[in-house]
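A quick write-up on the structure given underneath.
The values are calculated or read from the model by the stated rules, or taken from the named source; none is laboratory data. Bear in mind that the values here come from a model prediction, so they are computed numbers and not experimental data. We place every Cβ from the backbone using ideal geometry, glycine too, and count neighbours over all the protein chains shown.
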Amino acid sequence: MQEEALRAVVVGAGTMGTTLAKLMAVNGIQVTVVDTNQNVLESSRQRLETHATMTCFATDLKMAEVPDFVIESVTENVEVKQKVVAQIEASVNDTTIIMTNTSGIPIDEIGSTMHVPQRFVGAHFFNPADIVPTVEVVPGSHTDADTVQKTRDWLTRLGKRPAVLKTCVPGFVANRIQHAVMRECLSLLENGVVEAEALDDIVQYSIGVRMALNGPLRQRDLNGLDTHLHIARYLYPDLDASQQPAALLEKYVAEGRLGAKSGRGFYRWSDESLARHQTQERNNLQRIIELAAQDSNGGEP
Ligand SMILES: NC(=O)c1ccc[n+]([C@@H]2O[C@H](COP(=O)([O-])OP(=O)(O)OC[C@H]3O[C@@H](n4cnc5c(N)ncnc54)[C@H](O)[C@@H]3O)[C@@H](O)[C@H]2O)c1
């Protein structure tokens with residue numbers, strides 16, 4: 001049976017919006033990319049040049065045809081997102097699924113002023129959205145089951161691995177884990193336990209390579225839960241439990257050390273070294289994903 005042609009709109013043409021649009025275009029979905037910033041929109045158009053027949057660009061949400069899906073991927077700010085979601089609602093009909101690509105703002109907070117919050121859902125993609133398989137699907141308290149099912153089906157059609165949360169918590173699953181890890185990494189740096197390069201080396205070539213093939217729970221099964229418990233008993237009192245972001249992080253950001261995009265974060269970056277790394281990373285990510293998918297996974301749920 002031939003698949004129905006779908007239309008989608010991506011609002012926000014930044015880092016994520018552009019790779020989201022690429023993902024849709026390569027999967028045969030006609031996509032309109034909307035951004036209020038002309039320069040960002042132009043740069044997105046250039047990056048999507050090879051998909052010109054499947055992509056359109058606009059600075060507002062006036063739509064000639066009602067889309068099946070709209071995903072907002074604008075700046076991570078609740079007021080901005082609420083405004084954008086209100087504009088989206090005003091320009092589609094009640095059957096259009098509206099998604100937010102927020103990294104972790106609660107869905108009910110973004111959707112608090114919506115007229116039909118039943119068709120609103122979180123769809124948290126990972127960067128680059130056209131490559132990383134997992135998408136966290138996060139229902140709010142008003143999201144209906146049909147919206148969740150249609151979102152799952154759509155993501156599956158895009159070749160993704162939708163992972164549905166049972167309930168919405170700030171940061172969802174991935175960012176809670178990522179931030180727990182980074183809180184400890186920054187604490188180790190601040191306390192002079194290890195240099196940045198050695199820390200990266202330890203994590204990448206021990207925990208990192210194993211986790212590419214096994215999630216943390218399956219991996220712990222393989223190691224032994226009794227051993228894990230013994231370590232947890234003596235270690236937890238010593239782990240960082242700060243309620244505020246690390247002073248080191250505040251200092252770097254205040255100094256303009258924002259990471260690769262500003263030329264310096266934990267490391268120094270030139271335009272050339274960044275471009276080289278990003279190209280290599282895209283290729284290698286694809287290879288790792290293929291390897292992970294080949295793994296038998298082992299163990300029954
Ligand atoms: N960058 C990541 O790694 C990543 C990963 C997953 C999810 N996210 C989430 O995706 C969203 C976008 O992140 P990003 O990194 O692409 O940000 P970005 O800053 O690169 O892009 C955001 C874009 O939104 C546009 N925008 C702002 N207000 C708008 C409006 N009212 N109408 C239309 N466009 C508007 C801006 O002009 C900008 O181009 C955020 O919610 C972020 O948390 C980011």
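Some points to look at:
- Residues in segment 60-75 that are within 16 Å of the ligand (Cβ to nearest atom) and exposed (fewer than 13 other Cβ atoms within 10 Å of the Cβ): 3 in all.
- Applying the criterion of at least 3 residues that are modelled with pLDDT of 95 or more and under 23 Å from residue 161 (Cα atoms) to the helices (runs of 4 or more DSSP H) found wholly in segment 185-301 leaves 216-223, 271-294.
- Among the candidates 167, 113, the residue that is modelled with pLDDT of 95 or more, in a loop (DSSP other than H, G, I, E, B) and farther than 18 Å from residue 71 by Cβ is uniquely 167.
- Residue count for segment 184-214, restricted to those that are under 17 Å from residue 288 (Cβ atoms) and small (Gly, Ala, Ser): 3
- Filter result for the condition that a residue is within 18 Å of residue 140 (Cβ to Cβ) and without any contact (Cβ under 8 Å) to a residue 40 or more places away in the chain, over 113, 32: 113
- Segment 127-155, subset within 30 Å of residue 278 (Cβ to Cβ) and of a type in the set (Ser, Thr, Tyr), residue surrounded by the most Cβ atoms within 10 Å (Cβ to Cβ): 151
- Test result for residue 100, surrounded by 14 or more Cβ atoms within 10 Å (Cβ to Cβ) and either aromatic (Phe, Trp, Tyr) or within 8 Å of the ligand (Cβ to nearest atom) (or both): yes
- Test: residue in segment 141-153 that is within 13 Å of the ligand (Cβ to nearest atom) and among the hydrophobic types (A, V, I, L, M, F, W, C): no
- Residue within segment 37-53 that is part of a loop (DSSP other than H, G, I, E, B), away from the ligand (no atom under 11 Å from the Cβ) and either closer than 23 Å to residue 127 by Cβ or small (Gly, Ala, Ser) (or both) present: yes
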